[in-house]
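One structure below.
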Amino acid sequence: MNSFPGTGYEGKNWTEFMEGIWERNPVFVMVLGMCPTLAVTVSAINSISMGLATTFVMAASCWLVSLLRHQIPKEVRIATYIVIIATFVTVVDYAIQAISLDMYEALGAYIQLIVANCLVLGRAEAHAARNAPLPAALNGLGMGLGFTLGLVMIGGVREILGAGTLLGFSLFGANFQPWVVMVLPPGGFFVMGGWLLVFALVRARRERAAVAAQET
Amino acid sequence: MSTPLIEIRSAPHVKAPRTVEMIMRHVVWSLLPICAFYVVQYGISALASIVVVTATCLLTEKFFIRTGTQSGQLTDYSAAITGLLLALTLPPGFPLWMGAVAGLVAIVLGKAIFGGIGHNLFNPALVGRAFVQAAFPTSIATYTPSFLTGRFTEFIPSSVAWPLMIPADTVVWMQSKQLDALAGATPLAKWKFDGVMANAVELLTSLSGHMAVGPAPALVLLCGLYLALRRFMDWRIPVAILGSAALTAWLLYAVDSTRYPNPFFMLFSGGLILGAVYMATDMVTSPVTPRGMWVYGALIGLLTVVIRYYSGLPEGVMYAILLGNAASPLIERITQPLTFGRGAPGRSREGTPGYVSRTDADAAIPKKRFLRNKPKK
């Protein structure tokens, strides 16, 4: 039953994991968790840190919620999820503070605000509470990595245009003219909208190809 | 087989070929003298700027029309107007690659995403300019003096910067021509940051001296007058904008004449004339009701003066017009003219016929009215 690619048959767990990375990407398909998406993606490294922190919180809290799903009373489930999520957010909060104080200051309140990220609560309510611990954890992990991917795609573009660097490496030399708007909040909206446009074009083209294939 | 003497048909009875293309073509023609004078003022750099920005707008428009995501055609001249107006609002020495970015953003964010001509909420040229204002605040505030010697043989060094690279510093270049940095400032910036006023004739014609304003206001007014006389543009909007700006400026001038400049300076010192005549009158983004036009113009004029006086920016026309654009659907809603034969909205006049059209009835009259005369089963 528990199968992975390369072992002969690809089963449910792999689908659970991949769902969040591509098919239902939290940033570009479900459009959830917009607050950190737009606020901290001024550079690629910020995006990676934020994404990985959220990934840990999601995987761990989905696993725990799933483990406790028969014990949690239905009436107070949301409050219980929040307490579980908040526990892991506190862990991440202190961990980042210990690893890199600079990063902690750059991300600011948005680490604590993972608690209020509707993506985490949404997966706990919609998926983890109805599935066994392993698929729930895998789904949380996949969603988290998909979220990271989305943040890096936005943060990368904003860093390249806003500072001429990627992950701190200069791409265009010292004479680069920074696009000030890209490191300001509007830049987040512009880049987010641009990526949504690209994905919409890809989807439209694929649907057209599918229709054409059906007709022939 | 004789031709009929009376032609009977339903409205509209307009005979003249007043199509969108025709109006737009006339606007382009009326812009050409302004562009020509601008090139005479600033030379080859201004010409290159106009060509690059307009070409970018046209190519972007062509791409979106080809993909079928946008209504309209390239031959309707609307992208050409956007390009020319955008080039006129940018400084003459604006780097050409930034001009191309502005043109691209103007069509993509200003027009194509709304569905093309007739669907855009904001003036595309101003959307493009607002983007580059936010992205490259230093370059867009760098003006160079007009009527420099050798302007037809030599580019302003900042305009030929490599794409994505910082443009050359014009201050050094101006020093080599024995000009101080103040010569490159616009009259508004001079007034705001240095307290220097320019004289009236210079403001109107921008002919004498090394004045660094954009297109000459007198010429813009003249070209606008042509459009207004041919009814290609509604005269109410520019009149309302200039009137409201002058009134606000005059009131403030009357209160404290040492702190605030005179109304004449306010009207002619920056892009207000160009904005009032060509930008705010864009038919798509301004109200269609006559009363709405007055409200819209008054709002823009007031906002312009307020932004110029009380914000960190020397120029406020762009944001004022964009805010006016955003408000115009609302203005249209509240200034709807009354339907002939009906009283003021909300109270139905006594003695009016029982029939009310579905759109007129809206929510004011209960739906039962429609059923009253229905035959009983």
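The values are calculated or read from the model by the stated rules, or taken from the named source; none is laboratory data. Source: prediction; values computed, not measured. Please note: Cβ atoms are built from the backbone with ideal geometry, for glycine as well, and neighbour counts cover all protein chains shown. The protein model used for the area step is the full one, side chains on, heavy atoms only, and it has no ligands, DNA or RNA in it. Shrake-Rupley method; radii C 1.70, N 1.55, O 1.52, S 1.80 Å.
Got a sec to turn the phi values of segment A:38-49 into Karplus ³J(HN,Hα) couplings, 6.51 cos²θ - 1.76 cosθ + 1.60 with θ = phi - 60°, whole Hz, x for Gly and Pro?
Whole-Hz 3J(HN,Hα) from phi for segment A:38-49: 8, 8, 9, 7, 6, 9, 5, 5, 4, 5, 4, 4.
So for each of A:129-142, B:82-95 I average, over its residues, the number of other beta carbons within 10 Å; can you give me the resulting order with the highest mean first? It would help to have the intermediate numbers written out before the result.
Details: A:129-142: 21.1, B:82-95: 27.6.
Going from most to least packed, we get B:82-95, A:129-142.
What ranking of B:TYR143, B:TYR319 comes out by heavy-atom accessible area, probe 1.4 Å, highest first?
B:TYR319, B:TYR143
Roughly how many Å² of B:MET283 are accessible to a 1.4 Å probe, to the nearest 10?
B:MET283 exposes around 100 Å² with every protein chain in place.
With a 1.4 Å probe on protein heavy atoms only, tell me which residues of segment A:177-191 lose at least 20 Å² of accessible surface in the complex relative to the chain by itself.
Hits at the 20 Å² cut-off: A:GLN177, A:TRP179, A:VAL180, A:VAL181, A:PHE190.
Take the alpha carbon atoms of segment A:114-175, find their center, do the same for segment B:219-273, and report the distance between the two centers in whole angstrom.
What the calculation gives is 51 Å, centre to centre.
Taking amide H positions as placed 1.01 Å from N in the peptide plane, with prolines and chain starts having none, which residues 5 or more places from B:GLY116, or on another chain, fall under 5 Å of its amide H?
Amide H neighbours of B:GLY116, under 5 Å, 5+ apart: B:SER71.
Given a 1.4 angstrom probe, I'd like the percentage of the accessible area of chain A that is carbon and sulfur, rounded to a whole number.
69 percent
Cut-off 10 angstrom, C-alpha nodes, Gaussian network model of chain A. Which of A:TYR104, A:TYR81, A:TYR94 fluctuates the most?
Answer for the Gaussian network model of chain A: A:TYR94.
I'd like the interface area for chains B and A: accessible area of each alone minus the complex, both sides summed, 1.4 Å probe, protein heavy atoms only. What is it in Å² to the nearest 100?
So the total buried area for this chain pair works out to about 1200 Å².
Lys pairs in the protein assembly as shown, Cα-Cα under 23 Å, at least 8 apart or on separate chains: how many?
6
Rounded to the nearest 10 Å², what accessible area does A:TRP22 have for a 1.4 Å probe in the complete protein model?
Using a 1.4 Å probe on the heavy atoms, I get roughly 130 Å².
Just give the residues from segment B:136-175 buried by at least 20 square angstrom of accessible area in the all-chains context relative to the isolated chain, probe 1.4 Å, and say none if nothing qualifies.
Listed in order, they are B:PHE136, B:LEU164, B:MET165, B:ILE166.
Name the residues whose placed amide hydrogens come within less than 5 Å of the amide hydrogen of B:ILE156, ignoring near sequence neighbours (fewer than 5 apart) on the same chain.
HN-HN under 5 Å from B:ILE156: B:SER45.
Using amide H atoms built 1.01 Å from N in the peptide plane, name the residues 5+ places from A:LEU166, or on other chains, whose amide H lies under 5 Å from its own.
A:LEU171
Heavy atoms only, 1.4 Å probe, whole protein assembly: order B:HIS26, B:HIS13 by accessible area, highest first.
Most to least solvent-accessible, the answer reads B:HIS13, B:HIS26.
Counting heavy atoms of the protein chains only and a 1.4 Å probe, report the per residue accessible area for the protein assembly as shown as a whole number of Å².
Computed with neighbouring chains in place, this is 51 Å² per residue.
Taking square-rooted eigenvalues a ≥ b ≥ c of the alpha carbon gyration tensor, is segment A:52-175 rounded, prolate or oblate, where a/c under 1.5 means rounded and, failing that, a/b exceeding b/c means prolate?
Since a/c reaches 1.5 and a/b is larger than b/c, the shape of segment A:52-175 is classed as prolate.
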